[in-house]
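Step one of this worksheet: look at the structure below.
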Amino acid sequence: MKTTIKDISKYCNVSVGTVDRALNNRPGISSQTKEKILQAAEQLSYHPNHTGRSLAKGKTMTIGVVCFDFYNYFFPELINTIEARAKEKGYFIYLILTHRNFDMERDGIRYLCERQVDGIILFPIGMDKGYVRELERMGIPIVTIYNKLDSHFPFVGVNDRQAMEDTVEYIVSKGYKHISYVTPELESQEKEGLNTYTLQQRLQGYLNGMKKAGLEDIQVLEKGSIEEKTDLLTKNISLKGKTAVLCLCDSYAIQVLDCLQSRKISVPDQIGLMGYDNIDALKYIKPRLTTIKYSVMQMGQAVTDLLFQSIQDPEFTAEYILDYSIVEGDSL
């Protein structure tokens, strides 16, 4: 049976108020009595009811994190940073994985609301106006990351469009005349009403970069598996001249590299390759991939700090856009 402060007061033969002052380090109690009560609390295995205290203050000291999945190595790194930053503030996190399913996202947010979390960090899949209104009616501070949802919600991300434009320019500077782009299929996701904000920004950056470079041989590989996309990449490769492959993210680039190597196609001797995110796993990949870098730690700290600001001020809105840079590797 759980020990209460009434049990401690009986054990020490003092009032409940005296026990409360000792446990909460309040004045009006002698040092000897305080020490006696603290020792009794330890002997009786007393654990304070933090939930009750928090609710009395109007807070549960918990936040929710609603994320896609962990297939992209970028996400575990980011969640680790968010959890550490929250812990610094005395908060614990509930983690919900949606597996890029809108119904699971909505159910997860409702679950968090039922547990009265103080705020939510959301990697949104949904995007329609009805869904936005539903989130607003919940009255819980929400900060979005990766995909932008609505101007009413603070957002943390990277200028993906400009980053991809700069990347195409960089690849061209290496002498490449043909640059293919590997990305997930967007059309089917958009038909389902799913949020493809970041995917669209990166794709548009590739297209803008190709146009600025005067390259008309645009190849966007969306449909099919990575193996099927690699087959298209390598078809007539010897006739195309110096060719590079730009991938939506490092996880895709690693898969493409594996497929190329299984076909005995050398990177970068026969085809160049570049990713995006500079995930930690790249240190194990050979050749070392050229990629786009931004601070995952800075991103995690920023989104958590914005959420805490939103908890303090429900009217708070802001965007935090991170800087990026190209990390030269051995794959171009």
Here, strands (runs of 3 or more DSSP E) confined to the range 90-209 with at least 1 residues that are open to solvent by 40 Å² or more (accessible area, probe 1.4 Å) are 92-97, 178-182
Qualifying residues in the range 268-281 (those that are crowded, with 21+ Cβ neighbours inside 10 Å and of a type in the set (A, V, I, L, M, F, W, C)) - the one nearest to H178 (Cα to Cα)
I271
Name the strands (runs of 3 or more DSSP E) wholly inside the range 233-300 in which the number of residues that are among the β-branched types (V, I, T) and touching a helix residue (DSSP H, G or I) at 6+ places or on another chain (Cβ under 8 Å) is 1 or more.
243-247, 291-293
Quick one: is E35 surrounded by fewer than 13 Cβ atoms within 10 Å (Cβ to Cβ), part of a helix (DSSP H, G or I), over 27 Å from the mean Cα position of the chain (by Cα) and modelled with pLDDT of 85 or more?
yes
Can you tell me which of (1) more than 21 Å from P76 (Cα to Cα); (2) open to solvent by 70 Å² or more (accessible area, probe 1.4 Å); (3) free of Cβ contacts under 8 Å to residues at least 40 places away in the same chain is the one E319 doesn't meet?
(3)
Within the range 1-16, work out how many residues are out of contact with any Leu (no Cβ under 9 Å at 6 or more places or on another chain), in a helix (DSSP H, G or I) and modelled with pLDDT of 85 or more.
4
Let me spell it out: the conditions are (1) of a type outside the set (S, T, N, Q); (2) closer than 30 Å to E190 by Cβ; (3) crowded, with 17+ Cβ neighbours inside 10 Å, and D69 meets all of them except one. Which number is the exception?
(3)
Residue tally, condition surrounded by 14 or more Cβ atoms within 10 Å (Cβ to Cβ) and among the charged types (D, E, K, R), over the range 210-222:
1
Name the pairs whose Cβ atoms lie under 8 Å apart, with the first residue in the range 152-180 and on the phi < 0 side of the Ramachandran plot, the second open to solvent by less than 40 Å² (accessible area, probe 1.4 Å) and of a type in the set (K, R), and 6 or more positions between them or separate chains?
D160/R202; R161/R202; A163/R202; M164/R202
Look through the range 284-312, keep the residues that are more than 30 Å from A244 (Cβ to Cβ) and open to solvent by 70 Å² or more (accessible area, probe 1.4 Å), and return whichever of them is modelled with the lowest pLDDT.
Q312
For Y252, state whether it is touching a Lys or Arg at 6+ places or on another chain (Cβ under 7 Å) and either touching a residue at least 60 places away in the same chain (Cβ under 8 Å) or loosely packed, with under 15 Cβ neighbours inside 10 Å (or both).
no
Which members of the range 17-32 meet the condition of being in a loop (DSSP other than H, G, I, E, B) and exposed (fewer than 13 other Cβ atoms within 10 Å of the Cβ)?
N24, N25, R26, P27, G28, S30
Looking at (1) open to solvent by 20 Å² or more (accessible area, probe 1.4 Å); (2) in contact with a Lys or Arg (Cβ under 9 Å, 6 or more places away or on another chain), can you tell me which one S225 breaks?
(2)
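The values are calculated or read from the model by the stated rules, or taken from the named source; none is laboratory data. Bear in mind that the values here come from a model prediction, so they are computed numbers and not experimental data. Positions of Cβ are generated from backbone atoms using ideal geometry, with glycine treated the same way; all protein chains shown enter the neighbour counts. When the accessible area is computed, the model is the full protein with side chains, heavy atoms only, and any ligands, DNA or RNA have been set aside. Shrake-Rupley method; radii C 1.70, N 1.55, O 1.52, S 1.80 Å.
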